[in-house]
Every structure is written in structure tokens, then in C-alpha cells.
Amino acid sequence: MTDNQDSYITHLESALDGTELPAGVVQTMHNDRPLWVRYDLAALRKNVTRDALADRTAGMWRYRELLPVESDEHIVSLGETMTPVLKCDRLGQQLGASNLYIKDESRLPTGSFKARGMAIAVSMAKQFGIQRVAAPTAGNAGGALAAYAARAGIECYLFMPADTPIVNQYEAALHGAKVFLIDGLINDCGRIVREGKEPMGWFDMSTLKEPYRIEGKKTMGLELAEQMHWRLPDVILYPTGGGTGLIGMCKAFDELATLGWLETDNRPRMYACQSSGCPPIVNAFEAGERFAEPVTDARTIAAGLRVPGAVGDFMILDAVRASGGKAMAADESRLKEWMSDACELEGISLCPESAACIGVLQRALAEGEIKPNETIVIFNTGAAQKYVEVMKVDLPMIDHTKPIDWTAL
Ligand SMILES: *Cc1c(COP(=O)(O)O)cnc(C)c1O
């Protein structure tokens, strides 16, 4: 730390109209739209050098000054690792891409990148003395929130559609959250969390309804930049649901550029990848709109992509357009096949959400939208083994009391 200053946070700012709000008090949204966290980057630039990071512990907290937690005593951590960027030659060869990498976020606590967001959001809840949190969730956010809340000694209530993947239901319960199933959609769960705020006195941890999860997700971009020696790739493919990861990464690149830490001006083209079963951002992108119409019949095996309407829609669409990328949908019926390709060819435990990125990459290469020799990074946002319903196979049984027919194996 420099100058006894843990964080360089200065204020919060409405993403829609730029209204400034103070940082030292509990904030949620402004006019029902999300907030950015802002930092004194000029002071940070004077006091902290890029090279000083190298001596710090690997993981998201090495970017300490660019995170909002005001004092180290409030940090809630489960030992978040720096996730590897793996070159994928066999998968790349099949797809026709010679510089393909997967950044494997599946090693983070609770097996998904949701840990990054929740580590910061729960640390901030602790900073503000919040004792009870609640969230609607249809996937990995619930397990991550439950685990970090447990670590912080904060009470956690979760509301899940009844068809949420079974591992997500059980992991949240195992970490001591009060978990309830709802015979409805994620927005029905969201309404319960909203209505319960008064009578139950909980803080709403919904995606982008508190300002700090983006800051956690931002560390994916900071980490990638550092791992690639401060040169960003040509292309990033990101499985987009609520969009915090994509928005956070673009914010990271902006902050790094302001700090003068990047070696080149090259910014990656961001591809927001969705499933054809739930493509609200793709629809808005193609229609040239800044706000997305909610999808009414959202169906996908990729639970993290089943977000029919995102409060940060304009933030995703602005970021994708500014980067020169696109929002594209992959065929829902082929997600399992693409997931198996990555798992079989590379040994990476790829989630169905990231399988959508492989489908999009295949099409973008075929259309000449992405070139074969460009440097391409796909984010594997979660571990395949959290999706037992998707992984399920019928394995052949061997009768060990009889002679084995080796030719039949
Ligand atoms: C939540 C989730 C997503 C979508 O993330 P956003 O940043 O909200 O768009 C993608 N993949 C997995 C595995 C998830 O859990």
C-alpha cells in the first residue's frame, strides 16, 4: 500500500446520466439504473506502478487500489486464484483459429467467475455493516453469494426458479443460505427480493442493483492484461447474461489506458455471446437499439445466459459497439456438442454458457468477421461439473463375473 491508502475510490456515478453520488454510504441504483464506481486514477498513477504488482500475491486483490473496499479489514476472501490463460491448439485447429486461448475461470471458489463479483460485493456489505443479504438467482450467483456471506458471517436469503440446476440449489443450501424455490421465472424471484426489503430488512444483491459486483468482474480484464504482458488480445468472446463481466472488463481496459499501463492502443473487439434460446442483447444489437426488449420465452441449458431482461442492457450494448465487436447468438440445440468439443479436445471443464462462445466463434470465422490468425480469448466462466443435468450420459455396464469381450470396448 502507498500513502496508507487502500482504495482510490472517489465517488459513484450514474451510468445513464452521469449524476455523482458519494462513495462512503450505502448506494444501490440511480433512477432504477446502475452506477459506476470512480477512482482518483491520476493520484493512483503517481503512487502505484504496474511493475509493483508483480511482487504481490497472485489473484484479484493484487489490484487493491483499483477496488472499492476502503480498508483491508473488510476484505472477505476465499483465496481467489489468478486463473490461467490456456493456449488451445487442438480446439483451435478444429475451428480454424491459430491463436486461440481460454481463460479458465472455473478454478475460482464455488467453480465460477461469480466469485469475483461476490468477493467485492460481500466485502462492501461488510464495510457498511450490512447483516442480511438477499438475491434472486437461477445459477452460479447463488452459490457464490452463499459462500462469501458464510465467510463474512452475513445472513443470506436466495430465491430460485424451481428449474435452477440442482448443484446450484444444493451448494447454496450447504453454505447455510436460506434457499427457496419459486414456481416462476427469475423476474418473479426478483420481485420477491424487492418486496421483502422492508419487512425483512435485507440488502438486495441482484446483478447491477448494487454497484460493486462489476468491480469484482473488472479484475478479469486487469488480470488478462497483466497475463498478456499489457497487450490486449484482438478478440474477446464472453458469454453474456446480465453482462457484468463484459461491462467490467471494458471498464478495466479504460482504467488501464488512463493509467498508461497498456503497451499498445489496441482494444479487443468484444463479442457478447448468447444462446438462440434467450438472445435479448443480440436482438437489440441487430435492431440498432440501445435498450433491449425482454425475451418472453427464455429457454436454454446455459443457466447463466437465461436472463430475459438485463438492467445493464445499455451498458453492454454501448461497450460492445464502442469496441467494434458484435452481439451474436449460438444455436441452443448445439451447446452440448460445443461443450463436449472443448472438454474432449482440451481437457478444460467448459460450461454450457461458454459453449455459446465456441458456436459464435465458429460462425464468425466462417463469415470472415474474425480472422484465423487473430489473438482470440474465450472466457470459461464456470466449471462443467456444476451442470450434472447437461453432463448426464448412460454408461455401458460390464458384467465382471463373465469373460470380457475386449473387441466390444
Ligand atoms: C452468470 C454467468 C454468466 C453470465 O454472466 P454476466 O457477467 O452476468 O453476463 C456466464 N456464465 C456463467 C457460468 C455464469 O454463471
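The values are calculated or read from the model by the stated rules, or taken from the named source; none is laboratory data. In this text, all values refer to a predicted model and were calculated from it rather than measured experimentally. Cβ atoms come from the backbone with ideal geometry, glycine included; neighbour counts cover every protein chain shown.
Restricting attention to segment 318-339, which residues are buried (at least 22 other Cβ atoms within 10 Å of the Cβ) and either hydroxyl-bearing (Ser, Thr, Tyr) or touching a helix residue (DSSP H, G or I) at 6+ places or on another chain (Cβ under 6 Å) (or both)?
Ala319, Ala327, Met328, Ala329, Ala330, Leu335, Trp338, Met339 - these are the residues of segment 318-339 that are buried (at least 22 other Cβ atoms within 10 Å of the Cβ) and either hydroxyl-bearing (Ser, Thr, Tyr) or touching a helix residue (DSSP H, G or I) at 6+ places or on another chain (Cβ under 6 Å) (or both).
Which of the numbered conditions does Val307 fail, given that it passes all the others? Conditions: (1) surrounded by 24 or more Cβ atoms within 10 Å (Cβ to Cβ); (2) within 12 Å of the ligand (Cβ to nearest atom); (3) at pLDDT 95 or above; (4) among the hydrophobic types (A, V, I, L, M, F, W, C).
Status for Val307: all satisfied but (3).
Is it fair to say Glu226 is among the charged types (D, E, K, R), out of contact with any Phe, Trp or Tyr (no Cβ under 9 Å at 6 or more places or on another chain) and either in contact (Cβ under 8 Å) with a residue 40 or more places away in the chain or closer than 19 Å to Gln27 by Cα (or both)?
Values: among the charged types (D, E, K, R): yes; out of contact with any Phe, Trp or Tyr (no Cβ under 9 Å at 6 or more places or on another chain): no; either in contact (Cβ under 8 Å) with a residue 40 or more places away in the chain or closer than 19 Å to Gln27 by Cα (or both): yes.
Answer is no for this residue.
Which members of segment 131-152 meet the condition of being part of a helix (DSSP H, G or I) and within 16 Å of the ligand (Cβ to nearest atom)?
Asn140, Ala141, Gly142, Gly143, Ala144, Leu145, Ala146, Ala147, Tyr148
Which members of segment 93-120 meet the condition of being within 13 Å of the ligand (Cβ to nearest atom), in a helix (DSSP H, G or I) and aliphatic (A, V, I, L, M)?
Within segment 93-120, Ala115, Met118 qualify.
Can you list the helices (runs of 4 or more DSSP H) found entirely within segment 168-250 that contain at least 1 residues being within 16 Å of the ligand (Cβ to nearest atom)? Can you show your working first?
On the way: elements: 186-195, 197-200, 213-227.
Filter on segment 168-250 gives 186-195, 213-227.
What is the one condition in (1) within 15 Å of the ligand (Cβ to nearest atom); (2) at pLDDT 95 or above; (3) touching a Leu at 6+ places or on another chain (Cβ under 9 Å); (4) not aromatic (Phe, Trp, Tyr) that Asp341 does not satisfy?
(1)
Return the residues of segment 258-277 that are outside any loop (DSSP other than H, G, I, E, B) and surrounded by fewer than 23 Cβ atoms within 10 Å (Cβ to Cβ); say none if nothing qualifies.
Start the filter on segment 258-277 by keeping residues that are outside any loop (DSSP other than H, G, I, E, B), which leaves 258-259, 269-275.
Scanning segment 258-277 gives Thr258, Leu259, Arg269.
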